[in-house]
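Step one of this worksheet: look at the structure below.
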Amino acid sequence: MTTATDIATPPVLNLIDRENDQSYQMAQAAAIAADDRKGENIVLLAIGEVSTLAEYFVIASGLSKAQVRAIAGSTEDAIAEKFGRKPRNIAGERDGTWILLDYGDLIVHAMMETEREYYDLEAFWGHAPKLEVVLPIVEPVVELKDAVESEI
């Protein structure tokens, strides 16, 4: 018989260990892919610190079914390209209001805002640490015309 005290808690990774963890790198890549498709309110949860379901959740909102599909597609493509992995399971593609990409160690939720508010995964998994999403810094584009005029 197993009691709650017999269950080992997963180790908490420090930042250096996290950066070397492929699951964390995939989660960051998923967040960047969601951002590339103008996903909103992108959240990264370290689910593995409170559950054995997965290591990380990435949750992103889209404003339309087409955008939710684009976020999921972009995420799937980015992870396949960078890590050579395909999801174990994909759910919700047909409806397009909530698409779930299950990689085992990473679960990506691309959702319409109404579904996100209704199911409120962040509250349900509120005891999981919320991690910073590291997005690439985009330098402002200076128009060639503006650059030439400033030199005159």
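Bear in mind that the values in this text are calculations on the coordinates, not laboratory data. Every value quoted in this text rests on a predicted model; they were computed, and no experiment measured them. Reconstructed Cβ throughout: ideal geometry from the backbone, glycine too, with neighbour counts over all protein chains shown.
The Cα atoms of segment 14-134 cover 37, 32, 24 Å along the three principal axes, with the biggest extent listed first. Here 97, 75, 114 are placed in order of increasing Cβ neighbour count within 10 Å, fewest first, which gives 114, 97, 75. Our Cα-only numbers for segment 61-104 put the radius of gyration and Dmax at 10.3, 29 Å. Annotation: the residues 37, 94, sorted from fewest to most other C-beta atoms within 10 Å of their own C-beta, follow the order 94, 37.
Here the residues 109, 127, ranked from fewest to most Cβ neighbours within 10 Å of their Cβ, fall in the order 127, 109.
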